[in-house]
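The values are calculated or read from the model by the stated rules, or taken from the named source; none is laboratory data. None of these values were measured; they are calculated from a predicted model. All Cβ positions, glycine included, derive from the backbone under ideal geometry; neighbour counts span all protein chains shown. The area values use the complete protein model at the heavy-atom level, side chains included, leaving out ligands, DNA and RNA. Shrake-Rupley method; radii C 1.70, N 1.55, O 1.52, S 1.80 Å.
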Amino acid sequence: MNVRSHSRATLSSPTRRRLLIAAGLGTTATWSGLSLAASGNTSGRRFVLVILRGGMDGLSAVPAIGDPDFAAARGPLGVFPTPALALEGPFALHPELGQLHALYRRGELAVIHGVGLAYRNRSHFDAQQVLESGGTRPFELATGWLGRALVVSDAKAIALDTAVPLVLRGKAAIDTWAPSTLPDPSHDLVARIERLYRDDRPLAAALARARELHLDGAAMSGITTDAMQLGPRGAFAMLARRAAEFLAQPNGPQAAVLELGGWDTHANQANPTGALPYALRQLDAGLAALREGLAAGDNVWRRTVVVVASEFGREVAINGTLGTDHGTGGAAFVLGGAVRGGRVVADWPGLAKNDRFEGRDLRTTTDLRAVLKGVLGDHLQVTRARLDAEVFPESRAIRPLALLV
């Protein structure tokens, strides 16, 4: 792997150590459901977005254990029950991310650190709106960046949830599907509904499409178990497997969006049996299930890219309840068979208090839109002009990151 690591001074802080890691960067530089986007594109390429709702602590998921200020800055949060899993440079993965670490070692995972949004005001609702809309300010855009990108390629979309997430909203036609705790309707009831809808073309078409999706789902795996009976961890892995089944179909969906909550860790964050390790285990198991499903058979995994991102990171220092409060910069993951992995991409700002945003947060040095523009451009063949003007409006100054093979 061509990985370069060096320091560079900055005008604002001549003594601050900045690590630029990854070839080319120096020159360019509450589980809540599953959604899918289907496309008429027959290229066979697949894209998955995983939204971590609640604000994942990037310095716990990807601790910078080799940073000279890490131990003092993090205190008890910098101590793990078992050794962190070494990456390159000063970075490591949380010990609960063992299967992600295996992907990294296989060259199928790139870690992006110091990544974030243009939004800086620490509200979950506003930050999630910006994350999904692709704008710079809350509610300036009413559709989602992925929905707009898929319209460019004349794509259809399907949401495996009770509602379509903002990131998929746009002008494309969208189907929905969600696991149900109710028994299937009787044939007699369906026949009556068909007669009722017979003279209403939109309702008749919607019912026909719903029956088609129901049959597709039953044919793929027959999963009818109430997801909540599996527990949140089992439910997320089950949904990831279902996503893989849809995506692996020869004419199946082109893109998928999974959501995983539980990242708002204001208290007891370092507890080995607490919310954060549990959420990390869910994420690790779900991504492993997604890979396993896509790598089987025709090996769709080799032409898949997965982006994992949260609405913001968290403060560097521990709070009074042994957790962390809302921050800005954090970490993201890009994985898949089409990813040039085995590397950390980080314009590392350092963890000394003077290097933090507002003296509190890991400073954002990589705009998440640079990650997304790189993937959408190189993988889904969305042109740079459309990325700059339509998918991420007014983002011409943000250059795409080259992250793929």
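Peptide packing: for 94-103, 285-294, 323-332, the average count of neighbouring Cβ atoms within 10 Å per residue gives the ranking 323-332, 285-294, 94-103, highest mean first.
Does segment 267-384 classify as rounded, prolate or oblate by the C-alpha gyration tensor (a ≥ b ≥ c root eigenvalues; a/c under 1.5 gives rounded; else a/b over b/c gives prolate, otherwise oblate)?
In terms of gyration-tensor shape, oblate.
Here the calculated FRET efficiency for Glu194 and Glu358, from their Cβ-Cβ distance with R0 = 60 Å, stands at 0.50, rounded to the nearest 0.05. Counting only the Cα atoms, segment 64-126 fills a convex hull of 144 Å³ per residue. For segment 249-405, the share of accessible area belonging to carbon and sulfur comes to 50 percent (1.4 Å probe, ligands and nucleic acids excluded). Relative contact order for segment 227-384: 19 percent, from Cα pairs under 8 Å spaced at least 6 residues apart, divided by residue count. Peptides 74-86, 368-380, ordered by how many other C-beta atoms sit within 10 Å of their residues on average, highest first, read 368-380, 74-86.
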